[in-house]
Amino acid sequence: QVQLVESGGGLVQAGESLTLSCAASGSIRAIHAMAWYRQAPGKQRELVAAVTSDGTPNYADSVKGRFTISRDNAKNTVYLQMNSLKPEDTAVYYCYVTGRVAGRGVWDDYWGQGTQVTVSS
C-alpha cells in the first residue's frame, strides 16, 4: 500500500507564494515520475508540473517562470514552489507519482488526496 501525504495549501493574496510538498510512503520501492496536477471548480484536472527521476522538469505554459518543481529522492518527496500567485491558480492541487511497490514488477499510478490553494485578488 502506498500513501501520498500532501501539505502546504492555504489561502493567500495575489502575488504571494506557497510551497506544496508531497511525501510518498508505504511499500513503494521505486519512483519514476512525480508531478502536480490541479483542478478548479467546473474544470478538468490539468498537469501543472512534472519531474522525472533524473530531475528534468516540465511545466504548463500558464505557470512557467512562476512555479518550480523539485524532488528529494532520498525522502520520496516532491515539492512545488509557487511564486507570484494569481487568482486563476485557485484550485485543488493533487500530487501524482508513478511508482513500483515491493513484489510487483509493474509501474502504477498513485494520487494524493488533494490540497486546496486559494488566491484572492
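In segment 74-88, is there at least one residue being more than 23 Å from Ser17 (Cβ to Cβ), surrounded by 14 or more Cβ atoms within 10 Å (Cβ to Cβ) and in contact (Cβ under 8 Å) with a residue 24 or more places away in the chain? I'd like the intermediate steps shown before the answer.
The initial filter retains those residues of segment 74-88 that are more than 23 Å from Ser17 (Cβ to Cβ), namely 74, 76.
Now restrict to residues that are surrounded by 14 or more Cβ atoms within 10 Å (Cβ to Cβ): 76.
Add one more test, that the residue is in contact (Cβ under 8 Å) with a residue 24 or more places away in the chain, and what stays is 76.
Within segment 74-88, one or more residues are more than 23 Å from Ser17 (Cβ to Cβ), surrounded by 14 or more Cβ atoms within 10 Å (Cβ to Cβ) and in contact (Cβ under 8 Å) with a residue 24 or more places away in the chain.
Looking only at residues in segment 33-49 that are among the aliphatic types (A, V, I, L, M) and farther than 15 Å from Met82 by Cβ, which one is nearest to the chain's Cα centre (by Cα)?
At the first step, the residues of segment 33-49 found to be among the aliphatic types (A, V, I, L, M) are 33-35, 40, 47-49.
Subset that is farther than 15 Å from Met82 by Cβ: 33-34.
Details: Ala33: 11, Met34: 7 Å.
The extreme case among them is Met34.
Condition test on Tyr96, is it under 13 Å from the mean Cα position of the chain (by Cα) and open to solvent by 40 Å² or more (accessible area, probe 1.4 Å)? Can you show your working first?
Working: under 13 Å from the mean Cα position of the chain (by Cα): yes; open to solvent by 40 Å² or more (accessible area, probe 1.4 Å): no.
Taking the combined requirement at face value, the residue does not satisfy it.
For segment 99-121, give me each residue that is open to solvent by 70 Å² or more (accessible area, probe 1.4 Å), closer than 30 Å to Glu88 by Cα, outside any loop (DSSP other than H, G, I, E, B) and touching a residue at least 24 places away in the same chain (Cβ under 8 Å).
Trp111, Gln116, listed by residue number.
Confirm whether Gly65 is of a type outside the set (D, E, K, R) and in a loop (DSSP other than H, G, I, E, B). Working first, answer last.
Details: of a type outside the set (D, E, K, R): yes; in a loop (DSSP other than H, G, I, E, B): yes.
Judged against the criteria, Gly65 is a match.
Hey, among Pro41, Pro57, which residue is closer than 14 Å to Gly114 by Cβ and open to solvent by 20 Å² or more (accessible area, probe 1.4 Å)? Give the derivation first.
On the way: Pro57 fails: closer than 14 Å to Gly114 by Cβ.
Only one candidate qualifies: Pro41.
Of all residues in segment 1-33, how many are assigned to a strand (DSSP E or B) and either at pLDDT below 95 or closer than 30 Å to Arg104 by Cα (or both)? Write out each step before concluding.
Of segment 1-33, the ones assigned to a strand (DSSP E or B) are 2-7, 10-13, 18-26, 28-33.
Restricting the remaining residues to those that are either at pLDDT below 95 or closer than 30 Å to Arg104 by Cα (or both) gives 2-7, 20-26, 28-33.
The number of residues fulfilling the criteria is 19.
Quick test for you: out of Gly15, Gly26, pick the one residue that is small (Gly, Ala, Ser) and within 14 Å of Gly112 (Cβ to Cβ).
Numbers: Gly15 fails: within 14 Å of Gly112 (Cβ to Cβ).
Step by step, each of Gly15, Gly26 is checked, and only Gly26 is small (Gly, Ala, Ser) and within 14 Å of Gly112 (Cβ to Cβ).
The values are calculated or read from the model by the stated rules, or taken from the named source; none is laboratory data. These figures come from a predicted structure and were not determined experimentally. Positions of Cβ are generated from backbone atoms using ideal geometry, with glycine treated the same way; all protein chains shown enter the neighbour counts. Please note that ligands, DNA and RNA were not included when accessible areas were found on the heavy atoms of the full protein model with its side chains. Shrake-Rupley method; radii C 1.70, N 1.55, O 1.52, S 1.80 Å.
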